[in-house]
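The values are calculated or read from the model by the stated rules, or taken from the named source; none is laboratory data. Since the model is a prediction, treat every value here as computed from it, not as a measurement. Heads up, the Cβs are rebuilt from the backbone with ideal geometry, glycines too, and the neighbour counts pull from every protein chain shown. When the accessible area is computed, the model is the full protein with side chains, heavy atoms only, and any ligands, DNA or RNA have been set aside. Shrake-Rupley method; radii C 1.70, N 1.55, O 1.52, S 1.80 Å.
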Amino acid sequence: MASHPATIRVEGLKKAYYNDGVPTHVLHGIDFEIPKGQFVAIMGPSGSGKSTLMQILGFLDTLTGGRYLFEGRDVSKMEDDELAAMRGEKVGFIFQSFNLLPKTSVLENVMLPLLYSDVPMRDRQKYAMDAIDIVGMRHRVNNLSNQLSGGERQRVAIARALVRKPSVIFADEPTGNLDSKNGQAVMDTLLELNLVKGHTIILVTQEPDTAAYAERILTLRDGL
């Protein structure tokens, strides 16, 4: 019986940072896999290694030990340019601080990831509008991002994460700067992307209410 490789598989994953040759060990040999289409929350106290793990999984940082397989490909052996290509094509990011350009329209913000893509110029606006429609922000498409509420900005950030049709969406404390009503709306959007659109979603959070949206919770403590 042939089975599809997990979207993400890590084996004995380790991460250490070196300062003047002295290592600080952050991740101490982690093992797990995430099947395609799963909604996973990574929880743990501050300093447990959650954000470091997400940065490695999202090709923003590299591991120092173990293996990381993404869609069956060994990421641990990739050069920087390969990692950059994977980061551009395979994953989308949503951050607590939105990271939108302030005096730039919703449409232009969502189109940003397409600047360095091989998506033809004539198709870029359509890709962006499709993503904007998914998060229900068409009525704001020409507004500047600094004219939006926090909840609207986060929905635009979700659209930007979707625009290149990534395999995995990473959300790092996506409700951290929002009140409970807007936070719930953002999590409802992510849940719909998972259940209806089939996106694999990896959420980093310290909030049990937020983590409850996921079908599975991985808990880190002291890098394990």
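Brief remarks follow.
- For the chain, modelled as a GNM whose springs connect Cα atoms under 10 angstrom apart, the maximal fluctuation among PRO120, PRO45, PRO35 occurs at PRO120.
- Descending semi-axes in Å of segment 95-224, equivalent ellipsoid built from Cα gyration tensor: 25, 17, 13
- Taking a straight Cα-Cα cut-off under 23 Å and skipping sequence neighbours fewer than 8 places away in the same chain, the lysines within cross-link reach of LYS90 are LYS14, LYS15, LYS36, LYS50, LYS77, LYS126, LYS165, LYS197.
- Inter-label distance, TYR17 to GLN184: 3.7 nm, where each label sits 7 Å from its Cα along the C-beta direction.
- In range of the label at ARG221: residues from segment 47-81 whose backbone nitrogen is under 13 Å from the point 7 Å along Cα→Cβ: 48
- Residue among THR175, THR62, THR104 with the largest mean-square fluctuation in a Gaussian network model of the chain, springs linking Cα atoms under 10 Å: THR104
- In percent, rounded to a whole number, the relative contact order of segment 1-108 is 28, using alpha-carbon pairs under 8 Å and six or more apart.
- Of the labelled figures (1) 26, 20, 18; (2) 29, 20, 17; (3) 34, 27, 17, only one reflects semi-axes √(5λ) of the Cα gyration tensor in Å as derived from the coordinates, namely (2).
- On Cα atoms only, tilt of 121-134 relative to the major axis of the chain in degrees: 90 degrees
- Between segment 17-84 and segment 161-224, the alpha-carbon center distance in angstrom: 18 Å
- HIS25 contributes about 110 Å² of solvent-accessible surface, heavy atoms of the protein only, 1.4 Å probe.
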